[in-house]
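First the structure, in the form of structure tokens, and then the observations on it.
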Amino acid sequence: MSGRMKYTLNEDVSMIEYVLSEIKQGTSRIKDHKGRLFWKKAERLKVTPHSWKSMLCRWSRSIYPKLNEYLINFSSEDKKTLLEFQRLTTGDITVIHFHDSKPSAFSINESASSEEDDVKDKQEDKKSVENINSRLALVMKSGKYVLGYNQTLRTLRNGKAKLVILANNTPPLRKSEIEYYAMLAKTGVHHYSGNNIELGTACGKYFRVCMMSITDPGDSDIIKNMPTVGGEQ
């Protein structure tokens, strides 16, 4: 009997949300969805509890070929984005077989370059997070903001939100809902690279923050310089 964990529907959706986020942010090339670095990043972000190899295989074999079946609860704009992505990459997917009893070809032939790439990725991620956190700290001191799902949604509906920030482990359905209202309000959405604990810490709070809405940036230039999805910057 296999000891491998089976994938749940929520985990599959989380992987699709991750791919969608990467497409929207433009942080990855269109062909990267089949590469090890793309899914190693997903592993670091804890998109699912599974390893990057497992997620790559799951994506290649089960999710990507049947992508349309997973998009029922996605907004029409997100569906269009994902299906266009699938159309552009059809025929480009490569299923990689990994064997537990033998070393991976990646580990034999590309371990050195992989480690170098990982180090560069971590350094870039660290600089980006530090930059964002410093701007967030300034918003906390001199600006106006609200924390949490209910208040963020309220500012979007009232047209007061200037920027919405989402933690990387925000539940997919709520994330899609916030992105939908942000699109209607023409408000930018930034996908924070850390989880709700890290976002809470960046806000100087001792509790978890899944999302926040900035209504007045104060002395911070966070709205102009944060990479966002949608909105009028």
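In this simple spin-label approximation, L67 and L173 carry label points 7 Å from Cα along the Cα→Cβ vector, and these lie 2.4 nm apart. Taking Lys and Arg as +1 and Asp and Glu as -1, the other residues whose beta-carbon sits under 12 Å from that of T155 total +4. By other beta-carbon atoms within 10 Å, ranking K162, K41 with the fewest at the front produces K162, K41. Stretching the chain fully between T90 and T201 yields a gain of 35.9 nm (0.36 nm per residue, less the alpha carbon separation). A straight chain from S75 to T8 at 0.36 nm per residue would run longer than the Cα-Cα distance by 22.0 nm. A DSSP coil position with no more than 16 other Cβ atoms inside 10 Å describes the following chymotrypsin sites (Phe, Trp or Tyr not before Pro) in the range 182-227: Y206, F207.
Past 22 Å, Cα to Cα, is the threshold; run K40/K186; K79/K186; K46/K80; K141/K186; K160/K224 against it and keep the listed order. Too far apart for the 22 Å limit: K40/K186; K46/K80; K141/K186. Each residue in T48, T152, T201 was given a count of other beta-carbon atoms within 10 angstrom of its own, and listing them fewest first yields T201, T48, T152.
Measuring r between the beta carbons of Y180 and K160 and using R0 = 25 Å, the FRET efficiency lands at 0.90. Close amide H contacts of R208 (hydrogens built in the peptide plane, cut-off under 5 Å, sequence separation of 5 or more or a different chain): none are found.
All of the numbers you see were taken from the coordinates with simple rules; none came from a lab. Everything numeric here is computed off the predicted structure, so don't read it as measured data. Quick reminder, even Gly has a Cβ in these numbers, built from the backbone with ideal geometry, and neighbours come from all protein chains shown.
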